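The block underneath contains the structure these notes are about, expressed in structure tokens.
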Amino acid sequence: MKTIDFISLGCSKNLVDSEMLMGLMEANGYQCTHDSDDPQGEIVVINTCGFIADAKEESINTILEFAQAKTEGRIEKLFVMGCLSERYLADLEAEIPEVDGWYGKFNYRQLLEDLKTHPQTPPCMEGSDYSKPSSPCPIGRGWERVLTTPRHYAYIKISEGCDRHCAYCAIPLITGRHKSRPMQEILDEVSWLVSQGTKEFQVIAQELTYYGVDLDGKQHIAELIEQMADIEGVEWIRLHYAYPTHFPWDLLRVMREKKNVCKYLDIALQHISDKMLSRMQRHVTKEETYELIRRLRREVPGIHIRTTLMVGFPGETDEDFRELIDFTKWARFERMGAFAYSEEDGTYSAEHYEDDVPDDVKQARLDKLMRVQQNISAEIEGAKVGQTVKVVIDRQEGDWFIGRTEFCSPEVDPEVLIPVDEALTIGEFYDVRVTDAEEFDLYATTKYE
């Protein structure tokens, strides 16, 4: 039995692709490991990210590292898949000949054939187009997945691609147009994962709120989440990567009424200045954005909003940046990430705008924005001291159990630290009392009256 070690880089959507391919590999007799500290497998598969400059650099460096390992005889074969090779296949093939095979984002099942196997189709997939190794559809059936996350939570990809064409974004160049998965297939996947012990689901897509539009012209995200919430055994559902334009307001009713739909929404806003929003081709205005935040908080009391903001986009002035700072102070996002603009090949902004904000100005603006958010986060988390909250326990680290509330997505959000002597069980839910807070983390105990 040959061993394949998978290295997944980039976002959780890439992780799902790796889990799908791992499932197919194990069905064909391979033993798979994931992101091990010292890969010992005969074969290594790297799933790359090609979104922004830093991610591309990490992907290339990882490929080069394992190409050297192959040259030194520490691994037998090296394969590369994912977004980076989808965009830059010809260049990569020419520059790194040590790689045995290159695959994009949609044809990675071809790897089965190229390894000289005789692919076997799991019984649950008989008759499905997804059983074909060269199928152009990037999303497989949930039954074939090998979860790389702790068993109690999983990522559920409901669509692939994006029909938005924001000026700075390379995602549509990589993924193509939006393609929704059939609703029943998603629900079947969730039901199967529940039967395997999964309790918490991170619903992900490049554009969550567009779900269903390509199927019949209507947004069906509210219907999907409502039916998902009705599946017995689903404890938490968390929503990622919504878009502010044409927001499906009925989704807020579902979040408010369904107790297992977390009061949490990840919605990238990028900027607030009307000039910047127009140049970014976001198709939303400053006032519409303010009203969106007001309505989210009004219709879902207690909601925690995660957003992403960008500084240094071409043409951003000091005044535009001041508007962004003022907006951040007003909105008081519970969760916020930010990054400096980097020019991406083939995007509208790369072809039509000059990257005219100096790097040191970009960094200074980014640092200032994050200092503002740091203070906001400290105040928000500090206000939770004394409250009783429900947490799920993810792992143990040293003297602490590490948990999360419904307002915290894995790996990107604050965590809750509980003393290890309280003898908790990983993957279980507990009510805890918050005893202390830092800027981004909470401390809590199960021992309270």
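In table form, for the structure just shown:
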read-out: Zone residues, the stretch 97-112, relative to Lys2, backbone N less than 12 Å from point 7 Å out along Cα-to-Cβ; value: 100-101, 111-112
read-out: Relative contact order of the stretch 326-449, pairs being alpha-carbon contacts under 8 Å that are 6 or more residues apart, as %; value: 23 percent
read-out: Accessible surface of the chain [probe 1.4 Å, protein heavy atoms]: carbon and sulfur percent; value: 47 percent
read-out: The chain: calculated mean residue ellipticity at 222 nm from DSSP helix runs of at least 4, using -39500 (n - 2.57); value: -10500 deg cm²/dmol
read-out: Pairwise centroid distance, computed over Cα atoms, of the stretch 67-107 with the stretch 354-416, Å; value: 35 Å
read-out: Neighbour cut-off at most 14 other Cβ (10 Å), DSSP loop, trypsin sites (Lys or Arg not before Pro), the stretch 168-266; value: Arg177, Lys218, Lys259
read-out: The chain - percent relative contact order, Cα under 8 Å, separation 6 or more; value: 9 percent
read-out: Long-range amide H partners of Asp5 with built H, under 5 Å; value: Thr33, Gly41, Ile43, Val44, Val45
read-out: Cα-based shape type of the stretch 1-95, given that a ≥ b ≥ c are square roots of the gyration tensor eigenvalues and the cut on a/c is 1.5; value: oblate
read-out: Label point distance in nm, Ala94-Thr317, each placed 7 Å from Cα along Cα→Cβ; value: 4.3 nm
read-out: Distance (nanometres) between label positions extended 7 Å along Cα→Cβ at Ser278 and Lys447; value: 6.2 nm
read-out: Span from the the stretch 307-339 Cα centroid across to the the stretch 22-36 one, whole angstrom; value: 42 Å
read-out: Cβ-Cβ FRET estimate between Gln374 and Ala69, R0 fixed at 60 Å, reported to 0.05; value: 0.95
read-out: Projected label distance in nm at Trp192 and Asp214, using a 7 Å step from Cα toward the beta-carbon; value: 2.1 nm
read-out: Over 25 Å between alpha carbons, listed pairs Lys77/Lys105; Lys275/Lys329; Lys329/Lys447; Lys384/Lys447; value: Lys329/Lys447
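The values are calculated or read from the model by the stated rules, or taken from the named source; none is laboratory data. Everything numeric in this text was worked out from a predicted model, so none of it was measured. FYI the Cβ positions are ideal-geometry reconstructions off the backbone, even for glycines, and counts take in every protein chain you see. Keep in mind that these areas ignore ligands, DNA and RNA; they rest on the heavy atoms of the full protein, side chains included. Shrake-Rupley method; radii C 1.70, N 1.55, O 1.52, S 1.80 Å.
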